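Have a look at the structure below before the remarks.
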Amino acid sequence: MCKFIVPILAANLLAGASLAKESAKVVTLEKGDLAVAVKVKGKLFTNYVYADPKRVKPILYPVIGPNELPMTRRYPIEEAASGEAKDHPHHASLWYTHGEVNGISFWHVGKDTGEIIHEKFLKLEDNVISTRNKWVGPKGKIVCRDERTLTFSAEGKDRAIDVSIKLIADTGDVTFGDTKEGSMGIRSNPVLRLKGEVAKGKAINNEGVEGKGIWGKRAAWVSYWAPFKEGITGFSIFDHPTNLRHPTWWHARDYGLVAANPFGIHNFERKPKGTGNLKILKGSDITFRYRFLFHKGDAKTAKIAERYATWAKTSN
């Protein structure tokens, strides 16, 4: 290894450890009966909504980014804001789920769909929320479980959420099916959309693909931004190099849905149905890691490529 590389790697690791320590100081968690409020220096960043009886899965809402701007739409959790479309009621702010798990849709809301139900907190300390959840089918049968860890951090006005999802086949074999309807998703503030009444958004991925062309393409990261009166503000989503089938495919629509989906190969690449299936054998598990970064500026000025490269070196 080049003699200059070791000090650089050490510096990156020390910087990462320092940021994590600093974030633990500025981030506070306040547990309520339905949600955990995540605050940065006393101001709300987001709520981890874990027990709202109207929700069929845990979600993060609202998500407040730089300059106190909401990063996700209000509908369906609240009345739609100006310019919001009242569509896709299952697109609830920021979430993880999938549209075909042992043949059951946990992505949609309605008859014969599944629910992801909070079972317990594994950790609720400093800037970390860790939970165990059960995926329950429409007939009450537990299909699988997950353990998810959310780590919240701040760097200046920028905010980040690191998400680790361990899918656990503890009740039998489980297949995450080949469908575009998944998985790690966000429904953006309507200004960040690429198309719509108030849309002003632009987007790019790390391969240089822009706009709605991102849909169905593989990429290590995607970035969206738009001009607000407070300044250009955006969000980027990172797919970790250790994830299965990295770089992932993106179910990224011009109407504000952006989701990392490593399973929907049939839809994204027009290959035979089932090509993207993932079977997790009973007693086994698999973990996926993502980062949501809410930042000032566009992908270039926010240095998303460089920040992804630093984050990608982390191993846990």
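Trypsin sites (Lys or Arg not before Pro) within the stretch 169-270: which are DSSP loop residues with at most 11 other Cβ atoms inside 10 Å? Counting only loop positions with at most 11 other Cβ atoms within 10 Å, the trypsin sites (Lys or Arg not before Pro) in the stretch 169-270 are Lys229, Arg270. The residue list Phe294, Trp249, Ala37 was ranked by how far each Cα lies along the charge dipole of the chain toward its positive end, using unit charges on Cβ atoms, and Trp249 comes out on top.
Cross-link partners for Lys296 among the aspartates and glutamates, with Cα-Cα distance under 17 Å and sequence neighbours closer than 8 places in the same chain left out: Glu68, Glu155, Asp158, Glu230, Glu306.
Close amide H partners of Asp170, meaning residues 5 or more places away or on another chain with modelled amide H under 5 Å apart, are Arg145, Gly283. Here the chain is treated with +1 on each Lys and Arg Cβ and -1 on each Asp and Glu Cβ, and its dipole about the Cα centre works out to around 320 debye.
Among the trypsin sites (Lys or Arg not before Pro) in the stretch 98-127, those placed in a DSSP loop whose Cβ has at most 13 other Cβ atoms within 10 Å are Lys111. The alpha-carbon of Lys123 sits under 23 angstrom from the alpha-carbons of these lysines, leaving out residues fewer than 8 places away in its chain: Lys21, Lys25, Lys31, Lys39, Lys41, Lys43, Lys57, Lys134, Lys166. Annotation for the stretch 127-200: GluC sites (Glu not before Pro) lying in DSSP loop with at most 15 further Cβ atoms inside 10 Å of their Cβ are Glu197.
Charge tally for Lys166 (other residues, Cβ to Cβ under 12 Å; Lys, Arg +1; Asp, Glu -1): 0.
Matching the structure-derived Cα extents along the principal axes in Å against the labelled list [x] 60, 50, 43; [y] 53, 51, 44; [z] 65, 50, 48 gives the label [y]. Close amide-amide hydrogen proximity is noted between Lys180 and Asn267, each under 5 Å apart and 5 or more residues distant or on a separate chain (H modeled in the peptide plane; Pro and chain starts excluded). Ignoring aspartates and glutamates fewer than eight residues from Lys180 along the same chain, the ones with Cα atoms less than 13 angstrom from its Cα are Glu100, Glu269.
Rule-based calculations on the coordinates, nothing more; no lab input. Bear in mind the structure is a predicted one, so any value in this text is a computation, not a measurement. When we count neighbours, we look across all protein chains shown, and the Cβ atoms used for this are built from the backbone with ideal geometry, even at glycine.
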